[in-house]
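Beneath this line is the structure, given in structure tokens, with notes to follow.
The values are calculated or read from the model by the stated rules, or taken from the named source; none is laboratory data. These numbers were taken from a predicted model, which means no experiment stands behind them. Virtual Cβ from ideal backbone geometry, glycine too; neighbours counted across all protein chains shown.
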Amino acid sequence: MTSSNADSSMPSEPNAPLNELNEPADRMDAVDATDATESDADATDASANDGEIHSGVGVLDKTVKILDALESGPATLGQLVAATGLARPTAHRLAIALERHRFVLRDQHSRFALGSRFAELAAAAGEDRLLTAAGPILQTLLDRTGESAQIYRRQGDQRVCIAAVERASGLRDSIPVGAMLSMEAGSAAQILLAWEDSDRMHQGLRHAKFSAAKLAAVRKRGWSESVNEREEGVCSISAPIRNASGQVIAAISISGPSGRMGNAPGRRYAPLVMAAGKYLTDALIKASSGR
């Protein structure tokens, strides 16, 4: 929290606008002899006329086969083997490695599926579009609420501020662009976690200051708030920003002192923050469609 000698007056109140995966450890790490000894030349020569793309790096080509197979939806290990033609130990080893890097996850039925890392990379790639549209919207939020406004994107186990505007004077929550904050507290962290897959959500809740019930409420109403959660004396309200596929790629927030924003800031400010998130979502959808 930072402050200056002067404080601007608060604007008027805004209007509402399965089992087959239980491989023994030695089988998990097993590599069939062909995979272990395959050279670049072998990979280039193999199946040269089968219509597949061969990069000359065998393990990479096999990994892409796994991802291509999952593009059509979740799959069991047996289905991956059938779809890729890979040896079972190889398919399992590669899928597990991809899971550890979050390119693959396992759903409630223990099937492999594409993971959240793709959404993170897509968000980073589309960041320029978001930032182009974000400036005027953040300034409007500041003008309408009198509070600092930010946009956060998840980056691994943290969240990074990718855009921000601050009120010029008075007590304020100062978050510079590039600041890395915890995913364990704050309304933006709630937004960025609330729509994650079940496994990753529950992993994120292990040390969080908010609960699964609170995230369920966030999903139901479409916004989140925190009071003294990230920092004593600080409030914030956040809403999701989505891409054309409906995935939550960022959170838009306002934040300020609880003494000014009150103990239930969402009642007052949530409609404005949600409208800002929807505007940026619509802008991203329009940009991705080329309209």
For a quick check of your reading of the model, give me the residue pairs whose first member lies in the range 272-283 and is in the same structural domain as residue 243 (by TED's automatic domain parsing) and farther than 9 Å from residue 240 by Cβ, whose second is surrounded by fewer than 24 Cβ atoms within 10 Å (Cβ to Cβ) and among the basic types (Lys, Arg), with beta-carbon atoms closer than 7 Å and at least 6 apart or on different chains. 272/144
What are the pairs with Cβ atoms under 8 angstrom where one residue, in the range 64-87, is closer than 19 Å to residue 116 by Cβ and the other, located anywhere, is among the acidic types (Asp, Glu)? Sequence gap at least six, or different chains. 74/107
If a residue counts only when it is under 21 Å from residue 156 (Cα atoms) and within 15 Å of the chain's Cα centre (by Cα), which helices (runs of 4 or more DSSP H) contained entirely in the range 181-231 have at least 3 such residues? 187-194, 198-204
Scan of the range 186-209 for residues that are hydrophobic (A, V, I, L, M, F, W, C) and either at pLDDT below 90 or farther than 24 Å from residue 246 by Cα (or both), ordered by number: 208
Scanning the range 241-291 residue by residue, those part of a helix (DSSP H, G or I), small (Gly, Ala, Ser) and over 17 Å from residue 223 (Cβ atoms) turn out to be 258, 259, 283, 287, 288, 289
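Yes/no per residue for (1) of a type in the set (D, E, K, R); (2) modelled with pLDDT of 90 or more; (3) closer than 17 Å to residue 138 by Cβ:
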{"site": "223", "(1), (2), (3)": "no, yes, yes"}
{"site": "239", "(1), (2), (3)": "no, yes, yes"}
{"site": "242", "(1), (2), (3)": "yes, yes, no"}
{"site": "253", "(1), (2), (3)": "no, yes, yes"}
{"site": "270", "(1), (2), (3)": "no, yes, yes"}
{"site": "288", "(1), (2), (3)": "no, no, no"}
